[in-house]
Amino acid sequence: MFAGLTDRSWLWLAAECYLVGLLLGTFSLLRGRRQSGAWINSFIAAGYLCQVLGLYARGRAVGGCPLGNSFEILQFTAWSAITLYFFVGVTFRLSLLGFFTSSLAATLTLVSLAIPAWDATRREHIFGGNPWIELHAALALFSYGVFALLALTSGMFLLRHYSLKSKQPGGAFSFLPSIFDLDHISVRLLGAGLVLMTASLAVGAVYWLRDTASVNPTKLLFTVAIWAAYATALGLRLRGVLLARRFGWAGVALFAAALLSLWPVDASRHSPVAAPAGRTVPR
Amino acid sequence: MNGECLFVLGATHHTAPLAVRERLSLDAGAADALRAELAGLAGLREFTLVSTCNRIEFYGVAADASVAAAVQRAFCVRQNFSAAEFEQFRLSLSGPGVLQHLLEVTSGLDSQMLGETEIFGQVKEAYGLAQANGHTGAVLNRVFQKAFQAAKHVRTTTAITEGQVSVANVAVELAGNIFGSLADARILLLGAGEIGEKTAKAFQSRGAATLSVASRRLERAMELAETLGAFAMPFWLMPVKLAEFDIVVCATSAPDTVVSRPVVETAMRRRPARPLFFIDLALPRDVDASVAERENVFLYNLDDLARIADENRAAREAELGKCRALLAERTAALWRQIEPRLQAGPAVSHATDHRTEPA
C-alpha cells in the first residue's frame, strides 16, 4: 500500500493516464489538428508519477527491484521508455513522439494489468540478495525501454517515409518529424540501448564466469542473441548497409523479438512462488 | 442621428482587376502625403490606411457618412482617378460589416492566397503606423486589437493556415519533411529560369544557406548566383558534384533527361545514409522517374507539387465556413462593445481613449 492505494491501483491509475494521453492525441489527429503537447505531456507525467509510486510500493513489498514476473517486467519496460522519453522529448522536441510514447506505455501497462495470471506468481530471491545482479537486471530492462523508444521512432520513420514516397505528405502525416531527424535520433537510441545492454551483460558475465551453472542456458541464449542482433544492426547502419526503410523495420522487428524473448527468459528462471497476497503489497 | 460612423473604403483583388489596382496603389511617399491630408480632414476622427499589393483600404471613424465621401475624393484626386470610375471597383462598408471584413482580412480569409499569414503583419504594421501618428483612437484601437486576437484564434483553432498552397512553398515544405531544418541543407539549382529562381528564393526565405546554380550557360548561372547570393557551377560538373547536394531543384529547358538513374546511383553510393531530394519543375522532365525507386531518393515533379498545393487549398477552403462562423461571433461581440461609443459620439470616445490604448 502507498497513500491508501495498492501497488496495482497506482499502476491502473498510471495506465489510465497514459490511455488519456493516447486518446487525446488520437482525437487531435482525427480532427487534423496539431497535437497539444502540453496536455499529452501532462498526462504522461501524471501517469509516470503514479507508476513510480506503484513500482515503489511493489519494490518495497518484495524487497528489491520488481522484476519477478511478466507483469513487473512489462511495467518496468514501460517505465523505462517513459523515463527516457522525458530526456529525448525535451532534447529533440520530436513532434508526435509523446503521442506514440503514451500509446506504447498504455498498451504495455494495460495488457500487463489485464492478464491477472501474469501477476499471480512471482520468482522470489531472483537476485540472490546480490545488488550487482539486481543492477544487471535493471540495466537490461532499461535498455529494453530504450529499444522501445527506438521502435517508436522507427515506426514514425516508416510512416513518414511511406507518406513521402507515396506522395501523400498531408493529413496526420504532416505532423510527423522529418525523416532526417527521426533517423538521427534512432541511431542514437540504438547506440545508447546497446551501451546499456552491453553494460548489463558485462555485469552479468562476471558472475556467470564464476558459476556457469547459475544461469539458465535458454536465458543466456536469448539474451545474447538479442544483444548480437542489435549490435549487428548498429554495425550495419554505421557501415551504410542497413539504411532508411530497412533500418526502420529493423528497429520495430528487433523490439518485437526482444519483447517476445522475455517470456522464455522469464520462464527459464527459478521456480515461481505465490505473488504477494491478493496482489496487495504491504508497507 | 448624432452618433459617429465606422466605415471602410477602398478596393481589393475581389473588386478590382490588377490593372486597376496598379493605378490605385500608393508608394510610401504618396501614402504619407495622403495620411497627412486625411489627418486634417474635418469630421474624420480616426483612420488607418492598409495598403498592400492586393488591397488599399481606409478604415475610419467619422462624424457622419459624408466624411467617407470626402476621403474618397481626397484619394481619387491624389491618384488622378475619376470618382465615377473608382466607384465601379469600390469596396464600401459601414457598421458591423466593417468589423467582419477587417477580421477576415487580418485572418487571411480575404486574401488571394487563402489563409496566408503575411497579411496579418501588414495590417499590424499599418495599424502601428496609424497609432504612432495619433490617427487612431478608442474605437479603432479596440477594433484592430480585437482583429489581431481573432486572427490568432482562427489560426490556432482551425486548419486555415495548414499546408502550403503554392508550388514553390510546397517544395520547400517537403524538403522540411525530409531534412527538418534547411539551414544545413545544400541546394543545387539546375537551370537559371524564372521558376527555378522563385523556388530558390522560397528556400532561402526558409533559412537555406548553401545554394549553387548550374546552367548550360555559365554566364547566366553566374548572373543568377549573384542575384541570389549563391555559387555558380558549370553544368557539366553536375554528375560529379551531385553527391555533395541534398536538394536538387531541376528547372532546365532541356529536351531530354538531365539527371539519369546511373548518375543518381553513383551519387548515392557516396552518400548512402543521407537522403537526396529532387524537385523536378521542368517540362519535359529533367529527372529520370525511375530514380524514385532508389532507397533514400525522393522525387517530386510539377504535377505532384501542383496536386498537393490543390489539396491544401481545398482543405483550407473547407475550413472557410468554420472560420467565418468564428469571426461572426467575434464581430457581433465587438459590435456590441463599440456601438454605444459610436452612438455617444466623440466625447466618450476621446474620454476613454487612453484607457483603450493597447498594452
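The values are calculated or read from the model by the stated rules, or taken from the named source; none is laboratory data. Here the structure is a predicted model, which is why all the values come from computation and not from measurement. Here the Cβ positions follow ideal geometry from the backbone for every residue, glycine too, while neighbour counts run over all protein chains shown.
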Is it the case, given these coordinates, that B:Ala159 is among the aliphatic types (A, V, I, L, M) and without any contact (Cβ under 8 Å) to a residue 40 or more places away in the chain? no
Residue in segment B:225-276 that is nearest to the other protein chains (Cβ to nearest Cβ), counting only those that are of a type in the set (Asp, Glu) and under 26 Å from B:Asp303 (Cα atoms): B:Asp246
Scope segment A:230-244; condition surrounded by fewer than 16 Cβ atoms within 10 Å (Cβ to Cβ) and either modelled with pLDDT of 95 or more or assigned to a helix (DSSP H, G or I) (or both); matching residues: A:Ala231, A:Thr232, A:Gly235, A:Leu236, A:Leu238
Residue ID - modelled with the lowest pLDDT, chosen from residues in segment B:279-296 that are surrounded by fewer than 21 Cβ atoms within 10 Å (Cβ to Cβ) and aliphatic (A, V, I, L, M): B:Leu283
Are there any pairs with C-beta distances below 9 angstrom linking a residue in segment A:167-178 that is in contact (Cβ under 8 Å) with a residue 24 or more places away in the chain to a residue that is in a helix (DSSP H, G or I) and of a type in the set (Val, Ile, Thr), with the two at least 6 apart or on different chains, and if so which? A:Pro177/A:Thr153; A:Pro177/A:Ile185
Identify, by number, the condition in (1) within 28 Å of B:Ile195 (Cβ to Cβ); (2) surrounded by fewer than 23 Cβ atoms within 10 Å (Cβ to Cβ); (3) away from every other protein chain (no Cβ under 12 Å) that B:Glu173 doesn't meet. (3)
When only residues in segment B:176-192 that are within 23 Å of the chain's Cα centre (by Cα) and under 18 Å from B:Phe231 (Cβ atoms) count, which is nearest to the other protein chains (Cβ to nearest Cβ)? B:Leu182
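Do we have A:Thr198 as more than 22 Å from A:Ser80 (Cβ to Cβ), away from chain B (no Cβ under 14 Å) and either hydroxyl-bearing (Ser, Thr, Tyr) or not in a helix (DSSP H, G or I) (or both) here?
Details: more than 22 Å from A:Ser80 (Cβ to Cβ): no; away from chain B (no Cβ under 14 Å): yes; either hydroxyl-bearing (Ser, Thr, Tyr) or not in a helix (DSSP H, G or I) (or both): yes.
Answer is no for this residue.
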Residue tally, condition in contact with a Gly (Cβ under 9 Å, 6 or more places away or on another chain), more than 14 Å from every other protein chain (Cβ to nearest Cβ) and of a type in the set (Val, Ile, Thr), over segment A:208-267: 3
Go through segment B:273-302 and give me each residue that's among the acidic types (Asp, Glu) and touching a Ser or Thr at 6+ places or on another chain (Cβ under 7 Å). B:Asp286, B:Asp288
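Those residues that are away from chain A (no Cβ under 11 Å), of a type outside the set (A, V, I, L, M, F, W, C) and touching a residue at least 12 places away in the same chain (Cβ under 8 Å), I need them from segment B:315-329; list them, please. If you could, list the steps in order and put the result at the bottom.
Keep residues of segment B:315-329 that are away from chain A (no Cβ under 11 Å), which gives B:316-317, B:320-329.
Restricting the remaining residues to those that are of a type outside the set (A, V, I, L, M, F, W, C) gives B:316-317, B:321-322, B:324, B:329.
Correct list: B:Arg316, B:Glu317, B:Lys322, B:Arg324.
Of all strands (runs of 3 or more DSSP E) completely enclosed by segment B:157-248, which ones contain at least 2 residues that are touching a Phe, Trp or Tyr at 6+ places or on another chain (Cβ under 6 Å)?
In segment B:157-248, B:186-190, B:210-215 are the strands (runs of 3 or more DSSP E) which contain 2 or more residues that are touching a Phe, Trp or Tyr at 6+ places or on another chain (Cβ under 6 Å).
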Does at least one position in segment A:162-172 carry a residue that is under 19 Å from A:Ala253 (Cα atoms), modelled with pLDDT of 90 or more and either part of a helix (DSSP H, G or I) or not aromatic (Phe, Trp, Tyr) (or both)? yes
Of everything in segment B:81-126, what is in contact (Cβ under 8 Å) with a residue 24 or more places away in the chain and farther than 30 Å from B:Ala318 by Cα? Give them in sequence order. B:Phe81, B:Phe86
Could you look through segment B:194-209, keep only residues that are surrounded by fewer than 17 Cβ atoms within 10 Å (Cβ to Cβ) and of a type outside the set (D, E, K, R), and pick out the one that is nearest to A:Asp181 (Cα to Cα)? B:Gly207
Do we have A:Ile133 as within 9 Å of another protein chain (Cβ to nearest Cβ) and either over 16 Å from A:Trp227 (Cα atoms) or more than 23 Å from the chain's Cα centre (by Cα) (or both) here? no
I'd like to check something: does segment B:67-82 contain any residue that is within 26 Å of the chain's Cα centre (by Cα), surrounded by fewer than 20 Cβ atoms within 10 Å (Cβ to Cβ) and in a loop (DSSP other than H, G, I, E, B)? no
Could you tell me whether any residue of segment B:295-317 is part of a loop (DSSP other than H, G, I, E, B) and either out of contact with any Phe, Trp or Tyr (no Cβ under 6 Å at 6 or more places or on another chain) or not assigned by TED's automatic domain parsing to the domain that holds B:Leu190 (or both)? yes
Candidate set: segment B:277-314, residues that are among the hydrophobic types (A, V, I, L, M, F, W, C) and farther than 18 Å from B:Ala168 by Cα; chosen: the one nearest to the other protein chains (Cβ to nearest Cβ): B:Ala292
Breaking point among (1) within 11 Å of another protein chain (Cβ to nearest Cβ); (2) modelled with pLDDT of 95 or more, for A:Leu158: (1)
Could you tell me whether segment A:59-76 includes any residue that is in contact with a strand residue (DSSP E or B) (Cβ under 7 Å, 6 or more places away or on another chain), touching a residue at least 24 places away in the same chain (Cβ under 8 Å), surrounded by fewer than 20 Cβ atoms within 10 Å (Cβ to Cβ) and not in a helix (DSSP H, G or I)? no
Can you tell me which residue in segment B:43-79 is farthest from B:Ser111 (Cα to Cα), limited to those that are free of Cβ contacts under 8 Å to residues at least 12 places away in the same chain and out of contact with any helix residue (DSSP H, G or I) (no Cβ under 8 Å at 6 or more places or on another chain)? B:Val77
